[in-house]
């Protein structure tokens, strides 16, 4: 198996597991923080999707991120150049109603 196929298989499996996990959950369920120091399932899912889009789709293929090309940044009312690599800037653009615990505490 080539490394490209291995990466593709891993993300396909992750997507399948994620779909099963989120099936039937409400928006309230997705926004729930199980503990004040934890991010919600919705935020974690969004973050995983952005990492996949940025690192695999865009960086490896050279194609534009779906975040931009499909207009997702507009739908979420976020900048097209999301500052993932600069946690202190991510805090300026939190998801509605969410704290970014991991990001707040990683910048020390």
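We did not get these values from a lab; they are worked out from the coordinates using the rules stated. Nothing here was measured: the structure is a model prediction, and the numbers come from that model. Here Cβ is always computed from backbone atoms with ideal geometry, including for glycine, and neighbour counts include all displayed protein chains.
If R0 is 25 Å, the Cβ-Cβ spacing of residue 32 and residue 52 corresponds to a FRET efficiency of close to 0.60.
Our estimate of slack between residue 81 and residue 69, defined as 0.36 nm per intervening residue step minus the Cα-Cα distance, is 3.1 nm.
Put a dot 7 Å past the Cα of residue 3, heading toward its Cβ, do the same for residue 17, and the two dots end up 2.2 nm apart.
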